[in-house]
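Single-structure report; data block below.
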Amino acid sequence: MNFSLVLHGGAGTITRALMTSEKEQLYQSGLKDALNTGRKVLQYGGTALDAVCATVAVLEDNPLFNAGRGSVFNHQGRHEMDASVMDGSQLTGGAVTCVQNIRNPVLAARHVMEHSQHVLLCGAGAEMFAKEHGLEFADDDYFFDDFRFAQWKEVQHSETVQLDHTEKKFGTVGAVAVDIAGNLAAATSTGGMTNKKWGRIGDTPIIGAGTYANNTTCAVSCTGHGELFIRSVVAYDISCLMEYKGLSLQEACDLVVMEKLVKIGGEGGLVATDALGNVAMPFNSEGMYRAFCTPTDSEVLIYR
Ligand code: ASP
C-alpha cells in the first residue's frame, strides 16, 4: 500500500529568531492535525481528492493560517478568499476567487469542479453558487482575528500590499496527495495579501499557477508571491518539465523554485508529489510550514 500526502501552511520569513516556543508549538500541532486528518483518509483507502480537501479544510479552520478563518484583511477591511482544487485522474479543476463569508472556500472550489460546467467562479456569483449548493457560511465575526486586524491597520492608509510572508506574518495553505489507487490531487486556499485592493487575485485559484495535478506527472500546491507565480505558471511548469523533459519530481521542483523563480524575484515555495509517492517541498524563502506522510514516514517542518 503506497500513498503520500504533503501539505504547506505558507512560506516566508519564518526563522527561529522570530518565533516563540509557544507559537512554534501551536503551528506544529496545527500542521499535525491537518496531516493526521488527510492521512486517515488515505490509510482507509480514500481518494487523494478527499484527502487534500479534508487537509486543507482543517488548515482553513485554524486561525493561525492565512486561509478560511484566518484570512488577512483586504483594503476595505474585509476578507476575500481564493481556493482551487484539481483532480489528476480526470484533469478536472475547480476554483473560487474573491469570495466572502464562505466557511471553507476549498469545498466551494471542489463543488465548482464537481457540480458545475465551469472551472472558476468569482465573488457574488461564486457565493450564490455556494449557497445554492448548501455550503456553510459564517459571519464576519468568525473571520475576525486581532492579529490580522492589527496587521492590516498598520498598512491600511498606505499603498502597501503585504504578502502574508513578511516579518510577522505567514499564511496560505495547500496539500497534495497520491492515493493507493495511484490517483493524484492538489488543493490550495488563501486569504491573499493584506490590504489588497481592486479585486486583486493571486496564483492560488489559478489552475496551472498555484495548483495542478496530473496522474501521469505530479500534483503541486504553491505558496508565495502570487503575481510571480502566475507569470511563471509554476505548478504546470513542474508538470511539463517532468512530462516533456523527463525530469524527476525533485529536479523539476528545484529548477522552478530555486532557479527560475529566484531569477525573477519570486519568493515562496511549494509542495509536490508524484505517482510513486516521492515528495518534494522546495522553497526559496527562509522557511515554510510544511509536513508530509507516507505509510512508513512522517515529519512536520518549519525552518530551512
Ligand atoms: N500565493 C498567495 C497569493 O499571492 C499568497 C501566499 O501564498 O501567501 O495570493
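Quick note: the coordinates plus some simple rules give every number you see, no bench work behind them. Just so it is clear, the structure is predicted and the values come from calculations on it, not from any experiment. For neighbour counting, all protein chains shown are included, and Cβ atoms are generated from backbone atoms with ideal geometry for every residue, glycine included.
The Cα-based radius of gyration and maximum Cα-Cα distance (Dmax) for the chain are 17.2, 54 Å.
When Rg is the radius of gyration of the Cα atoms in the range 211-282 and Rh is its Kirkwood radius, what does Rg/Rh come to? Ratio of gyration radius to Kirkwood radius for the range 211-282: 0.93. Each Lys or Arg adds one and each Asp or Glu subtracts one; over the other residues with Cβ under 10 Å from the Cβ of Ala177, this totals -1.
Based only on other Cβ atoms within 10 Å, what is the fewest-to-most ordering of Ile206, Ile14? Mind showing how you got there, number by number?
Working: Ile206 27, Ile14 23.
Ascending number of Cβ neighbours within 10 Å: Ile14, Ile206.
Compute the longest continuous run of the chain that contains no exposed GluC sites (Glu not before Pro); treat a site as exposed when its DSSP state is not H, G, I, E or B and it has at most 14 other Cβ atoms within 10 Å. Of all site-free stretches, the longest is 168-304. The mean sequence separation of alpha-carbon pairs under 8 Å and at least six residues apart, normalised by the residue count of the chain, gives a relative contact order of 26 percent. Among Cys53, Cys122, Cys222, the largest mean-square fluctuation in a Gaussian network model of the chain, built with springs joining Cα atoms closer than 10 Å, belongs to Cys122. For the range 277-288, 3J(HN,Hα) computed residue by residue from phi via the Karplus equation (6.51, -1.76, 1.60; θ = phi - 60°) reads x, 5, 10, 9, 9, x, 8, 10, 9, 6, x, 7 Hz, glycine and proline entered as x.
As a test of the definition: which semi-axes, in Å, follow for the range 7-61 when you take the square root of five times each eigenvalue of its alpha carbon gyration tensor? Largest first, please.
Working: eigenvalues 136, 23, 13 Å².
Equivalent ellipsoid semi-axes, largest first: 26, 11, 8 Å.
In terms of overall dimensions, the range 165-241 has a Cα radius of gyration and Dmax of 13.3, 43 angstrom. Compared with the rule-of-thumb size 2.2 N^0.38 Å for a compact globular protein, the range 135-287 has a Cα radius of gyration ratio of 1.11. When the Cα atoms of the range 105-161 are aligned to their principal axes, the ranges along those axes come out at 41, 24, 16 Å in descending order.
Cut-off is 10 Å between beta-carbons; in what order do Thr160, Thr172 appear when sorted fewest neighbours first?
Numbers: Thr160 12, Thr172 36.
Fewest to most other Cβ atoms nearby, the residues stand as Thr160, Thr172.
Here the chain is assigned +1 on the Cβ of each Lys and Arg and -1 on the Cβ of each Asp and Glu. Its dipole about the Cα centre then comes out at about 280 debye. Can you work out D for the range 1-132 in µm² s⁻¹ from Stokes-Einstein, where Rh is the Kirkwood radius over C-alpha pairs, the temperature is 10 °C and the viscosity is 1.306 mPa s? The diffusion coefficient I find is 100 µm²/s. Here the dipole of the range 44-107 is about 180 debye; that uses its Cα centre as origin and unit charges on the Cβ of Lys and Arg (positive) and Asp and Glu (negative).
For n ≥ 4 DSSP H runs only, could you compute -39500 (n - 2.57) per run for the chain, divide by its residues and tell me the 222 nm figure to the nearest 500? Mind showing how you got there, number by number?
Numbers: 9 runs with 95 residues, N = 304.
About -9500 deg cm²/dmol.
Please quote Rg/Rh for the range 82-132 to two decimal places, taking the Kirkwood radius as Rh and restricting both calculations to Cα atoms.
Details: Rg = 9.8 Å, Rh = 10.4 Å.
Expressed as Rg/Rh, it is 0.94.
Kirkwood Rh, Cα Rg: Rg to Rh for the range 253-302? Walk me through the numbers on the way to the answer.
Values: Rg = 12.0 Å, Rh = 11.8 Å.
Value, to two decimals: 1.02.
Exposed loop positions in the chain were taken to be chymotrypsin sites (Phe, Trp or Tyr not before Pro) whose DSSP state is not H, G, I, E or B and which have at most 15 other beta-carbon atoms within 10 angstrom. Between these positions, the longest stretch is 199-304. The count of lysine pairs in the chain that are at least 8 places apart or cross chains, and whose C-alpha atoms lie under 13 Å apart, stands at 4. The Cα center of the range 1-78 and the Cα center of the range 178-214 differ in position by 14 Å.
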